[in-house]
Amino acid sequence: MSDKKHKHSFINDALEKRRQEHQFRALKPLENLEGAYIIKNEDAEYINFSSNDYLGLSHHPELIKRSNEYSSKYGVGSGASRLVTGSLSIHSELEKKLAKVFNAEEAILFNSGF
């Protein structure tokens, strides 16, 4: 056994211990997503509260259409905060629409920059 394998064998030992104790986690691909739902089999359908899309809006046809339009015009990615990279006119337009929808004097967007 090389020094490198021996040096890191504790990792394999720890992983094997987790497997034996049924505490080993592995990624399980989800192939059957329908909006906000995870379909496990024909008899089981669950709302996916583990996602930021638990309302299923990412699959809404109108939002997909508008997202494609805006992506073509403005690009994709959040970049940085508006204080760092500037604010676009679309930000102000959305703030005005949100204020109107929520019957508020004003609204402000805060993106995370991630």
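The values are calculated or read from the model by the stated rules, or taken from the named source; none is laboratory data. Here the structure is a predicted model, which means the values were calculated and not measured. Here Cβ is always computed from backbone atoms with ideal geometry, including for glycine, and neighbour counts include all displayed protein chains.
In table form, for the structure just shown:
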read-out: Residue in the stretch 29-41 that is within 20 Å of Asn111 (Cα to Cα), of a type in the set (Ser, Thr, Tyr) and surrounded by 11 or more Cβ atoms within 10 Å (Cβ to Cβ) present; value: no
read-out: Enumeration of residues in the stretch 42-64 that are surrounded by 10 or more Cβ atoms within 10 Å (Cβ to Cβ) and either outside any strand (DSSP E or B) or in the same structural domain as Ser89 (by TED's automatic domain parsing) (or both); value: Asn48, Ser51, Asp53, Tyr54, Leu55, Gly56, Leu57, Ser58, His59, His60, Leu63, Ile64
read-out: Within the stretch 66-109, considering residues that are among the acidic types (Asp, Glu) and in contact with a helix residue (DSSP H, G or I) (Cβ under 9 Å, 6 or more places away or on another chain), the one surrounded by the fewest Cβ atoms within 10 Å (Cβ to Cβ); value: Glu105
read-out: Filtered residues of the stretch 77-107 (kept if assigned to a loop (DSSP other than H, G, I, E, B), within 20 Å of Ser67 (Cα to Cα) and hydrophobic (A, V, I, L, M, F, W, C)); value: Ala80, Leu88
read-out: Pairs where the first residue, in the stretch 61-88, is within 29 Å of Ala36 (Cα to Cα) and the second is among the aliphatic types (A, V, I, L, M), C-beta under 7 Å, 6+ apart; value: Leu63/Leu57; Tyr74/Leu88; Tyr74/Ile90
read-out: Top-ranked residue of the stretch 42-90 - restricted to ones that are of a type in the set (Phe, Trp, Tyr) and under 23 Å from Ile108 (Cα atoms), ranked as modelled with the lowest pLDDT; value: Tyr74
